[in-house]
1. Of all DSSP beta bridges located in the chain, what percent are antiparallel, nearest 5?
2. What pairs in Lys337/Lys442; Lys26/Lys166; Lys20/Lys112 have C-alpha atoms more than 19 Å from each other?
3. Give, rounded to the nearest 20 debye, the magnitude of the charge dipole that the chain has about its Cα centre when Lys and Arg contribute +1 at Cβ and Asp and Glu contribute -1 at Cβ.
4. Let me know the charge dipole size of segment 324-448 about its Cα centre in debye, to the nearest 20, where only the beta-carbon of Lys, Arg (+1) and Asp, Glu (-1) is charged.
5. With +1 assigned to the C-beta of every Lys and Arg and -1 to the C-beta of every Asp and Glu, and no other charges, what is the dipole magnitude of segment 452-554 about the Cα centre in debye, to the nearest 20?
6. Check the straight Cα-Cα distances from Lys482 and name the lysines below 24 Å, setting aside those fewer than 8 residues away within the same chain.
7. Can you list the residues, at least 5 places off or on another chain, whose amide H is less than 5 Å from the amide H of Val415, using H built in the peptide plane?
8. Give the distance, in whole Å, between the Cα centre of segment 145-160 and the Cα centre of segment 442-474.
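A short reminder: the numbers here are calculations on the coordinates, not readings from a lab. Source: prediction; values computed, not measured. All Cβ positions, even for glycine, are placed from backbone atoms using ideal geometry, and neighbour counts span all protein chains on display.
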Amino acid sequence: MAIEYIESSTLKRMFVSGAKYLESNKKYVDKLNVFPVPDGDTGTNMSLTILAAAKEVKNANDHDMKAVAKAISTGSLRGARGNSGVILSQLLRGFAKVISNHDKIDTLILAKALQQGSDTAYRAVMKPKEGTILTVARETAERAAMLAVDSDDVEFVISESIHYAKEVLDKTPDMLDVLKQAGVVDAGGQGFIYILEGALKSLQVGKELDFDVEDSVSEEMDVSHLAKIATEDITFGYCTEFIINAKQPEASEENGFQLRDYLETLGDSIVVVTDEDIIKVHVHTDNPGLALQKALELGELVNIKIDNMREQHTSKIIMETQSTEQVESAGQQAGQKKVGFVAVSIGEGLNDIFKGLGADYIIQGGQTMNPSTEDVLNAISQVHAENVYILPNNKNIILAAEQAKHLCEDKHIIVIPSKTIPQGISAMISFEHEKGIEENTKNMEDAMGYVSTGQLTFAVRDTSVDNKDIKEGDILGIGNDKILTVEKDLDLAARELIHQLIDEDSELVTIYYGEEVNEDKADELGEFIEEHFEDCDVEVHYGGQPLYYYILSVE
């Protein structure tokens, strides 16, 4: 019997099941990343993004399609991590925009929603590439539109569209040479198909797949490298989060500002984000009851979560912060400053370097964990400045930072598109307080252009990339987004990479050594550079970064 339409309650089950199915296959998607480095994260980023939306969807009204659509859009937008997660959030945002106008989804509405999702995602990417998730999503939408003309069976249209999507995915190596060399299909496209497959399975059996979304999210967030916070350093003991379904949507923004002012009298780490008819709140306080009581004046509360941080002995937010008491004290003495900085970094040494250059807050993340849009918003909220510079320091975090910029309403945000740690450091060094925002922004972006970055890590699988045969365990020297050298020995790989990065215009080489390299070994590499490149000055610093033995900066 044909299924002619999808109701809101059915869509809820399908969406959550799609999220769960991707979660159960995320490790496979991670392995499809072109570079065989130990931080392949497409599956993880997509999974964390859609699981954030799934948590919102589970609390939406079963009989309100607009509420379900809102949860899909808002949840994925806030939870978006990495480029793949941001693109997925845009696919879901476009899809949700169409379905929010209907009580039921038939084949024609489904096809239109898929098309709107594809169009929205393409617009979000500055230079779209074919052979990626964008291609798979677009071709899927086009096939669904063709099928919907002749069929009113939703199950048939989804099933046949998935079948065609797999054919498109298999062709992605013919569209992108890097995929062909690596012998893989596009990771994002595969993740997208897993979501569709999970949704279809739910439609067919009439229930959710058996997988615990909430536990899965908690497990992913429990990353071993996140900075631990001692109990005595926790100023306010309860991490309190909730969402307000505003009873006066037209006044949500103004109410949000007033609520933020009130919460500042109760605690710190305050984030109040308004999005049409909802207000999302995060606060650290010793009086969560007072926060909830005040919020109840604005509307119904959902997704209430209160964690005793002293008992957990660890921070709930993925960032390493300065003492909020110190920041508040400074703010009371000097008022809001003109410019502040948020930098993404990982590793004790690198964090200290950014702080020394003036970074107000460090978001713990980068190669091994891409912070979400909401993590960036949380960081921005902690900087007491009119203008806040964001340094992503990783190409996979730039889109999330840009998304946070557009969501932030009370500060001027400037995203410096730094793709590497050395670029971020160079940009901060070039900042001059006596100059204006526009001039400093230009100087910071120009400074990044004078930096070449090299990284040394290890291969996690056998593959072929950049015309190089790679075996698991090989040492990889990466520069300018390419694998420049493959060796069995770290010292050999480092020296070969140095030779390829340094040219006649190079003047300064900086070595940041990771947590698995001792200082003597790093000094030996510095001495090698001084001996073979006499015109270059050399600096050696402890970075403490995981997974990457060395990060090299050549200017």
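1. Values: 51 of 71 bridges.
Antiparallel: roughly 70 percent of the beta bridges in the chain.
2. Details: Lys337/Lys442 21 Å; Lys26/Lys166 17 Å; Lys20/Lys112 25 Å.
Beyond 19 Å: Lys337/Lys442; Lys20/Lys112.
3. Once rounded to the nearest 20, the dipole reads 2120 debye.
4. Values: 9 positive and 17 negative charges, 51 e Å.
Dipole magnitude for segment 324-448 comes out near 240 debye.
5. Values: 7 positive and 27 negative charges, 143 e Å.
With Lys and Arg at +1 and Asp and Glu at -1, about 680 debye.
6. Lys27, Lys31, Lys127, Lys129, Lys171, Lys180, Lys395, Lys419, Lys468, Lys471
7. It is Ile390, by chain and number.
8. 44
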